[in-house]
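The values are calculated or read from the model by the stated rules, or taken from the named source; none is laboratory data. Model, not experiment: these values are computed from the prediction. Note that each Cβ is placed from the backbone with ideal geometry, even for glycine, and that neighbours are counted across all protein chains shown. Ligands, DNA and RNA are stripped out before the accessible areas are found, and what is left, the full protein with its side chains, is counted by its heavy atoms. Shrake-Rupley method; radii C 1.70, N 1.55, O 1.52, S 1.80 Å.
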Amino acid sequence: MKEGDMPTIRVRQDIWELGTETEPWHPVIEGYAKAVRAMMDLAGQTPGDPRSWVNQAAIHERNGPSVFGRLEAQCQHGCWFFLPWHRMYLWQFEQIIRSHLGGAGDDWALPYWNYSDNPDHRKLPPAFRTETLPDGSSNALYTEDRNTAGPRVNAGEPLDGVAVSVTDAMAEQVFARSTPGTTAGFGGGRTNPLFHHSAAGPAGPLEITPHGSVHVQVGGPNGLMASFGTAALDPIFWLHHANIDRLWEVWRRAQPPRANPADSAWLSMGFDLIDETGARAKMQVNDVLDTAAQLGYTYAGLPAPAPAAAEKELIAMTDGERPAEMIGAVEEPVVLAGAARAKASVKLAAPRRPREAGLIDSAPATYLHIEDVVGEANPGLLYGIYVNLADGDEANPDSPHFAGTVSFFGIEVASGEGEGEEAPHRLHYAFNISNVVERLRAEGRWDPNSLDVTFAPVRGLERLGQAAAAPTVQIGRVSVYVQ
Ligand code: C2O
């Protein structure tokens, strides 16, 4: 910025608006490819430079042995720091990319991959599945290390609709909850103190889908995107996260308007990052809440901001929620093995409290929890969760039985051993299944005394290929709550 200039607000654009199947190479995308190549080359020339491609990815989670002095394994998942931490990480990365672009970098901003709003855009953007740049040199945005089982994203096969759905995330009115038995809230559950990778509660619905589901559908059984330590080595990681960051802004502007937390434990939390000079830089959550004023960027196509007055009412609304009541659980582990279906039957008790029992007010909300999940590696496929699916029924995400998707992104880290505060918290998913219960009730397929939960891969067997022999996942507990 020249002296006297107004601060520039850079616009992060939809990559599908910049590059099409026939014309993939917009200057913004080509600039990204060149800068990524320069960061990859830096890793060979100056391995200790924190701005190199591998060292940037290590900030998320290290892959392989630890390197002394390097910033490693900082990513925040499964809690209310998920969104602000990734926002900081992306913003610093964007500055580093810009530093490679000379004058053309002045208004360069990271594009986002919006896979949700147009079914044609569920394909990996073309510049990422093209092996060469227009000048014939090799394209740094391309990697072979992606899903080869299905969808084969490098071949242009689209992600599944259930992997990119924002319905559950956008239905959340509250950013962060700590109410036992419910969902975590849009941005993830409250946690204090800070945990290493994830908190004790469930991940927020946005983090589950589309976030985790897209990671696993792009990465598949052996690709980079499917695990914490390698995800940021795939150049599409950064556009996926730009989209998640954009969805946070879309959510805040929804009607009725939704508010970020006002708790000082959230606002004052600080994280170490690496700036474009390679130095460590600390950022706090309250430094990154207004993207235009504090960070100098916005997104193309955002709805108008919500009026500020209404936000105050919403902050008040997040307090004093009553805990949900558990009405049934199975603690027999459920084992998911490749393409096979697995089932758990939960005996349900009548809720003790009159409101939960539906005796006063309207029907209670029902929540399904999938917890204590362990496994050595990500199986690389998505499992749909179905309620009361008969053994002969097809597992179809369009059926009234469908309750959500689990992708197990991060399972290899969350299943590790550790002591005390360093002990990883195992993956935990929570779904608001009130609509499913209502639909099943209307169809006469609801039993107040028991509930079956079926896990089945979201793709047909014939398309699963090598994923049919995927690593197993063990679910320690399935439980049902009402509120
Ligand atoms: Cu920290 Cu999408 O991952």
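Tabulated results
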{"read-out": "Residues of segment 19-39 satisfying the condition of being open to solvent by 20 Å² or more (accessible area, probe 1.4 Å) and in a helix (DSSP H, G or I)", "value": "27, 28, 30, 34, 37, 38"}
{"read-out": "Residue that is surrounded by the most Cβ atoms within 10 Å (Cβ to Cβ), among those in segment 116-134 that are touching a Gly at 6+ places or on another chain (Cβ under 8 Å) and not basic (Lys, Arg)", "value": "124"}
{"read-out": "Residue selected from segment 387-413 under the condition outside any loop (DSSP other than H, G, I, E, B) and either open to solvent by 10 Å² or more (accessible area, probe 1.4 Å) or away from the ligand (no atom under 16 Å from the Cβ) (or both), by the criterion farthest from residue 211 (Cα to Cα)", "value": "387"}
{"read-out": "So residue 203, is it crowded, with 24+ Cβ neighbours inside 10 Å, within 13 Å of the ligand (Cβ to nearest atom) and at pLDDT below 95", "value": "yes"}
{"read-out": "Segment 43-60, residues that are part of a helix (DSSP H, G or I) and surrounded by fewer than 19 Cβ atoms within 10 Å (Cβ to Cβ)", "value": "43, 44, 45"}
{"read-out": "Among the candidates 82, 93, residue that is away from the ligand (no atom under 12 Å from the Cβ), open to solvent by less than 10 Å² (accessible area, probe 1.4 Å), under 30 Å from residue 411 (Cβ atoms) and in contact with a helix residue (DSSP H, G or I) (Cβ under 7 Å, 6 or more places away or on another chain)", "value": "93"}
{"read-out": "Residue tally, condition out of contact with any Asp or Glu (no Cβ under 8 Å at 6 or more places or on another chain) and either within 16 Å of residue 239 (Cβ to Cβ) or not in a loop (DSSP other than H, G, I, E, B) (or both), over segment 128-146", "value": "6"}
{"read-out": "Segment 208-222 residues that are assigned to a helix (DSSP H, G or I) and open to solvent by less than 10 Å² (accessible area, probe 1.4 Å), paired with ones that are near the ligand (Cβ under 10 Å from one of its atoms) and aromatic (Phe, Trp, Tyr) (beta carbon under 6 Å, 6 or more apart)", "value": "212/409; 215/409; 216/409"}
{"read-out": "In segment 207-230, the residues that are within 11 Å of the ligand (Cβ to nearest atom), closer than 15 Å to residue 171 by Cβ and not charged (D, E, K, R)", "value": "210"}
{"read-out": "Flag if residue 190 is surrounded by 23 or more Cβ atoms within 10 Å (Cβ to Cβ) and either within 19 Å of the chain's Cα centre (by Cα) or not in a loop (DSSP other than H, G, I, E, B) (or both)", "value": "no"}
{"read-out": "Test for residue 113: is it at pLDDT 95 or above, open to solvent by 10 Å² or more (accessible area, probe 1.4 Å) and either within 16 Å of the ligand (Cβ to nearest atom) or within 18 Å of residue 13 (Cβ to Cβ) (or both)", "value": "no"}
{"read-out": "Residue 233 vs. criteria more than 10 Å from the ligand (Cβ to nearest atom), open to solvent by 20 Å² or more (accessible area, probe 1.4 Å), over 18 Å from residue 114 (Cα atoms) and modelled with pLDDT of 95 or more", "value": "yes"}
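Table: residues versus (1) open to solvent by 60 Å² or more (accessible area, probe 1.4 Å); (2) in a loop (DSSP other than H, G, I, E, B); (3) modelled with pLDDT of 95 or more.
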{"residue": "266", "(1), (2), (3)": "no, no, no"}
{"residue": "272", "(1), (2), (3)": "no, no, yes"}
{"residue": "276", "(1), (2), (3)": "yes, yes, yes"}
{"residue": "293", "(1), (2), (3)": "yes, no, yes"}
{"residue": "302", "(1), (2), (3)": "no, yes, yes"}
